[in-house]
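A short worksheet on the structure shown next.
Please treat every number below as a calculation from the coordinates, not as lab data. Predicted model only: the values in this text are computed from it and were never measured. With ideal geometry, Cβ positions are generated from the backbone for all residues, glycine too; neighbour counts draw on all protein chains shown.
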């Protein structure tokens, strides 16, 4: 079963390779420039370069330690920092702004966007980079969801929230791989070519909600709220008459591919939702309750069944440990189910869960007993936000390395027949 869980993850990734999802949606007309941004930038670019090998491009993937990129003709590859923007992010953002500003109204700009772009390209507006970095760190630890984080980011950037579209006179075709629940393109990579419904007031509300001070940031947002600074382009703005934004892949694509895998293995596989959000421990509590209901009452599904779900949980960090939302989910699921047998995998499709080298973790029917045998304080690890330490001790981290993919989270729970 461990091998099947792992195979299901890779089958889903391979079936939804960024190049495969991008290729059918490429324009017939050759663009004047290709911009590819995000964790899946190189896969999306692969499809575009096969169609348009002579077109110049700028690609901004996530920088990985030890990663080298091939020298490709006609283009620049500018790896940058994630999840917190760095100097390379600013360099990449500046290069993109300069390149798109030089296009002509009759020319076509092809923009390929995937999750992670919020950090990978940056053009700080109203605040310095160091302040922006500290704010991003605070938002990541606060428990804020992606919509809230990006409402703030979009009002501190000359690229986000449709501002990239405003920075060029060219026509734009933008293809998006979504890593956000609900597939709101204005949230994916902070929607550089998409109308932005959020406001300066929304950004300030997020800071208030999570008790984030940042006087320099607040001063900038207050200026915007007072009308001294221009708002991001909104729905209905005429500039979007020359922009086509298109969703080409999503978390649901990933889950449907996994569902096909499990059906081929002879299991009934149910997609619960691709839109789960909220605290990882509460999401685990919900899944644990569902497992109990299936095992004891055969409702709402009869076992054996594989429960598939996606979305993006959050973690309010109060402890000193390491981890990520998927390891946290797996840990709390194990805690709530205790000795009740379950096989489960929770992993991030980009291969990096939180601040660790793991994609996620695997839960086995022996997890609780092995933890007790090893003398591990199961709940203590979790209360310290140290799911990584827990699964390291158990030998059940799921490590893939960066996948150059990004369709949000993958959770698979295998609920077998209840013991007689």
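Computed from the C-beta positions of residue 377 and residue 91, the FRET efficiency with R₀ = 30 Å rounds to 0.10.
Across 182, 143, 395, mean-square fluctuation computed from a Gaussian network of the chain (C-alpha pairs under 10 Å connected) peaks at 395.
In what sequence do 287, 25 fall when counting other Cβ within 10 Å, fewest first?
25, 287
In terms of overall dimensions, region 196-256 has a Cα radius of gyration and Dmax of 16.5, 47 angstrom. Per residue, the Cα convex hull of region 149-194 amounts to 57 Å³. Counting neighbouring beta carbons within 10 Å and listing from fewest to most, the residues 312, 87, 46 come out as 87, 46, 312.
Full extension of the chain between residue 208 and residue 393 gives 62.8 nm of extra length, using 0.36 nm per residue less the Cα-Cα distance.
Mean-square fluctuations from a GNM of the chain, with a 10 angstrom spring cutoff on Cα atoms, peak among 72, 390, 175 at 72.
Can you tell me how region 112-162 classifies by the Cα gyration tensor, rounded, prolate or oblate, using a/c under 1.5 as the rounded cut?
Verdict is oblate for region 112-162.
Between the helical axis of 215-225 and the longest alpha-carbon principal axis of the chain there is an angle of about 60 degrees.
Taking the longest Cα principal axis of the chain as reference, the axis of helix 325-337 is set at about 20 degrees.
Using C-alpha pairs below 8 Å separated by at least 6 residues, the relative contact order for the chain is 16 percent.
Helix 200-209 axis versus longest C-alpha principal axis of the chain: approximately 30°, rounded to the nearest ten. Normalise the Debye intensity by I(0) for the chain, one equal point scatterer per Cα, no solvent, then take log10 at q = 0.09, 0.15 Å⁻¹ and round to two decimals. Reported log10 I(q)/I(0), two decimals: -0.56, -1.34.
Highest mobility in the GNM of the chain, judged by mean-square fluctuation with C-alpha springs under 10 Å and restricted to 302, 279, 228, is found for 228. In deg cm²/dmol and to the nearest 500, what is the mean residue ellipticity at 222 nm of the chain if only DSSP H runs of at least 4 residues count, each as -39500 (n - 2.57), divided by the residue total? About -11500 deg cm²/dmol. Counting 0.36 nm for each residue step from residue 76 to residue 297 and taking away their Cα separation leaves a gain of 73.8 nm. Global size of region 304-418: 13.3, 39 Å for Rg and Dmax (C-alpha atoms, Rg to one decimal, Dmax whole).
When the Cα atoms of region 31-249 are aligned to their principal axes, the ranges along those axes come out at 49, 44, 30 Å in descending order.
Between residue 137 and residue 417, take the C-beta separation as r, use R0 = 60 Å, and let me know the FRET efficiency to the nearest 0.05. For residue 137 and residue 417, the calculated efficiency is 0.85. Taken over the C-alpha atoms, region 1-139 has Rg and Dmax values of 16.7, 56 angstrom. Could you list log10 I(q)/I(0) for region 293-355 at q = 0.21, 0.24, 0.26 Å⁻¹, which the Debye formula gives when each Cα is one point scatterer? Per q value, in the given order, log10 I(q)/I(0) is -0.98, -1.14, -1.23.
Residue exposure proxy: 163, 88, ordered by other Cβ atoms within 10 angstrom of their Cβ from fewest to most, comes out as 88, 163.
Computed from the mean reciprocal separation of all distinct C-alpha pairs, what Kirkwood hydrodynamic radius does region 131-239 have, in Å?
14.3
Using a cutoff of 8 angstrom between alpha carbon atoms and counting only pairs six or more residues apart, the relative contact order for region 1-96 works out to 21 percent.
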